[in-house]
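Down below is the structure, laid out as structure tokens.
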Amino acid sequence: MSWFSKDIKTMDDLFVHTLRDIYYAENQIVDALPVMIDKATDPRLKQGFQLHLIESKNQIKRLEQVFDMVDVDVQSVNCPAIDGIIDEANDIAGDIADKAVLDAALVAAAQAVEHYEISRYGTLIAWAKLLGRPDCAAVLQQTLTEEKETDAKLTLMAETTINRKAA
């Protein structure tokens, strides 16, 4: 199903499609984070990625809860956006020999992922409210809050130590 698929006829359809999109993205992130953990050399960055892996697994469970709440099958749709972000991160990280620069690249890649997730969760929350599903919005808000906190932590790490070491 593409973004302009004939299968999307209503706001409910669009909500479910986007829910499936972020479900795919979260699962891809869970697959990618162990590689990022292995590549990271800064101990705080490594620890941050480990924490986010745990959070991401819980976020997947929350998404499954929302699928149940709207009474649709838990499934994903391909998300070329997250695939592209992860592919780009892998390409860049594979070319960097300097470990400090690699850590800076990993932070940048992680923030690209976070910004994608923030946009998706924000949209889903707005649509859930519009569709009269404050229950779904509340569950999704928990994840949006975590994503924003992760982004803020990454920014702080980048600005206070990681980028400076790489410069």
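The values are calculated or read from the model by the stated rules, or taken from the named source; none is laboratory data. As the structure is a computational prediction, the values presented were derived from the model and not from experiment. Every residue, glycine as well, gets a Cβ built from its backbone with ideal geometry; the counts of neighbours run over all protein chains shown. Surface accessibility is based on the protein's heavy atoms, side chains included, excluding ligands, DNA and RNA. Shrake-Rupley method; radii C 1.70, N 1.55, O 1.52, S 1.80 Å.
One table, with the values for the structure above:
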{"item": "Selection count where residues are polar (S, T, N, Q) and crowded, with 17+ Cβ neighbours inside 10 Å, scope segment 149-160", "result": "1"}
{"item": "Condition met for Ala137 (more than 26 Å from Met69 (Cα to Cα) and either at pLDDT below 95 or of a type in the set (A, V, I, L, M, F, W, C) (or both))", "result": "no"}
{"item": "Enumeration of residues in segment 21-48 that are touching an Asp or Glu at 6+ places or on another chain (Cβ under 9 Å), closer than 26 Å to Ala100 by Cβ, open to solvent by less than 30 Å² (accessible area, probe 1.4 Å) and β-branched (Val, Ile, Thr)", "result": "Ile29"}
{"item": "Neighbours by Cβ (under 9 Å, 6+ apart or cross-chain): first from segment 56-74, closer than 17 Å to Leu144 by Cβ; second among the small types (Gly, Ala, Ser) and part of a helix (DSSP H, G or I)", "result": "Val66/Ala128"}
{"item": "Test set (1) among the β-branched types (Val, Ile, Thr); (2) without any contact (Cβ under 8 Å) to a residue 40 or more places away in the chain; (3) under 27 Å from Leu14 (Cα atoms) - Ile96 fails condition number", "result": "(3)"}
{"item": "Out of Ala128, Ala138, sole residue that is in a helix (DSSP H, G or I), within 14 Å of Arg62 (Cβ to Cβ), without any contact (Cβ under 8 Å) to a residue 12 or more places away in the chain and of a type outside the set (S, T, N, Q)", "result": "Ala138"}
{"item": "Selection count, segment 71-99, where residues are under 14 Å from Asp21 (Cβ atoms), of a type outside the set (D, E, K, R), part of a helix (DSSP H, G or I) and open to solvent by 40 Å² or more (accessible area, probe 1.4 Å)", "result": "2"}
{"item": "Condition met for Tyr121 (among the aromatic types (Phe, Trp, Tyr) and surrounded by 22 or more Cβ atoms within 10 Å (Cβ to Cβ))", "result": "yes"}
{"item": "Unique residue being farther than 19 Å from Asp135 by Cα, open to solvent by less than 30 Å² (accessible area, probe 1.4 Å) and either at pLDDT 95 or above or out of contact with any strand residue (DSSP E or B) (no Cβ under 9 Å at 6 or more places or on another chain) (or both) when the list is Leu63, Leu106, Leu51", "result": "Leu106"}
{"item": "Unmet criterion (only one of (1) modelled with pLDDT of 95 or more; (2) surrounded by 12 or more Cβ atoms within 10 Å (Cβ to Cβ); (3) in a helix (DSSP H, G or I)) for Asp68", "result": "(2)"}
